[in-house]
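Heads up, the thing below is written out as structure tokens.
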Amino acid sequence: MLLAIDVGNSNTVIGLYDDDTLLHDWRVRTEVDSTVDEYGMLILNLYRTAEINLKTVKSVKDIIISCVVPPMLNIIEPLCEKYFKIKPLIVGPGIKTGMPVYYDNPKEVGADRIVNAVAAHEKYEDSLIIVDFGTATTFDYVTKKGEYMGGCIAPGIIISSEILFERASKLPRVEFSKPKSIIAKDTVSSIQAGIMFGYAGLVDGIVGRMKAEAKSSPTVVATGGVAQIIAPETKSIDVVDDMLTLEGLKIIYLRNR
């Protein structure tokens with residue numbers, strides 16, 4: 001079995017694969033101040049809640065990690081060695097991805113962006129724009145040949161709404177959900193409308209500019225925590241794929257096995 005771990009700035013996503021089958025997936029908060037043993041117990045508790053026994057833990061033979069929070073590697077790597085007796089494969093320079101990266105400095109590209117690009121190209125076999133709604137909202141362009149060409153980064157939805165709450169003393173913290181109308185009649189709905197439809201417009205605007213610059217009609221794939229909520233409000237997103245990053249980790253693992 002393969003354990004795939006994607007460490008993001010806000011959340012860590014964990015997937016357990018039996019060959020090509022994703023048996024279970026979990027999303028937990030990324031906590032830089034946690035210890036190796038705290039994360040180890042967390043994973044074992046996740047196994048227990050999914051009714052996975054310790055024999056299954058021992059049947060994990062490989063682990064692959066993508067991480068955009070460098071201090072977390074000081075927790076996750078020792079965890080893998082202590083609790084699974086495995087030295088993990090970490091996505092980074094020197095790893096075979098099967099995808100050329102045309103960035104001025106390829107080492108600057110977040111591992112999650114490359115992992116998403118690899119998965120999307122393998123799955124959809126088209127030119128692509130991948131929109132990842134994470135702590136930051138990233139947009140990445142991949143050619144039909146499977147070349148990573150670059151992209152852009154915008155502040156994430158949750159970060160933006162939290163800053164609005166912190167800096168505007170009269171505005172309340174609100175739940176991220178779709179309001180009834182763009183012309184809202186109360187403060188909470190007004191904030192929800194601004195965030196929801198503002199980000200839908202941001203996505204459509206950036207995707208439109210990327211299509212024009214690339215002179216192509218790529219498939220637009222969205223992933224990340226709020227993709228399912230935002231996608232229906234956009235005109236440009238074609239597919240929502242929640243498991244894109246885990247699938248990319250599995251593909252890269254197979255290319256390096």
| field | Scattering profile of region 125-243 at q = 0.11, 0.12, 0.13 Å⁻¹ [log10 I(q)/I(0), Debye over alpha-carbon scatterers] | value | -0.39, -0.46, -0.53
| field | With Cα atoms, 0 to 90° folded angle of helix 187-214 axis to the chain main axis | value | 80
| field | Degrees separating the helix 111-124 axis from the principal Cα axis of the chain, which is the longest one | value | 80
| Reduced Cα scattering model of region 96-171, Debye log10 I(q)/I(0), q = 0.12, 0.28 Å⁻¹ | -0.40, -1.30
| task | Could you work out the relative contact order of region 2-90, using alpha carbon pairs under 8 angstrom and six or more residues apart, expressed as a whole percent? | result | 32
| query | So which GluC sites (Glu not before Pro) in region 165-252 pass both tests, a DSSP loop state and at most 13 other Cβ atoms within 10 Å of the Cβ? | reply | Glu175
| Inverse mean reciprocal Cα-Cα distance (Kirkwood Rh) of region 126-167, Å | 11.4
| said: Taking only Cα atoms of region 62-188, what ratio of Rg to Rh do you get with Rh as the Kirkwood inverse-distance radius? | reply: 1.09
| So for Leu89, Leu244, fewest C-beta neighbours within 10 Å to most, what's the order? | Leu89, Leu244
| said: Per residue, how big is the convex hull of region 2-90 when only Cα atoms are used? Give it in Å³. | reply: 85
| query | Considering the chain as a Gaussian network with a 10 Å cut-off on Cα pairs, which listed residue, Ala117, Ala168, Ala193, attains the greatest mean-square fluctuation? | reply | Ala168
| field | trypsin sites (Lys or Arg not before Pro) restricted to region 207-247 and DSSP loop, no more than 15 other C-beta within 10 Å | value | Lys215, Lys235
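Hey, what does the equivalent ellipsoid look like for the chain, semi-axes from the Cα gyration tensor as sqrt of 5 times each eigenvalue, largest first, whole Å?
Values: eigenvalues 202, 119, 49 Å².
Over the Cα atoms of the chain, the semi-axes work out to 32, 24, 16 Å.
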| Which of the peptides 63-76, 102-115 is most tightly packed, and how do the rest follow, going by the mean number of other Cβ atoms within 10 Å of each residue? | 63-76, 102-115
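Each reported figure results from applying straightforward, stated rules to the coordinates on display, with no laboratory input. Worth saying up front: this structure is predicted, and the values here are computed from it rather than measured. Backbone-built Cβ (ideal geometry, glycine too); neighbour counts: all protein chains shown.
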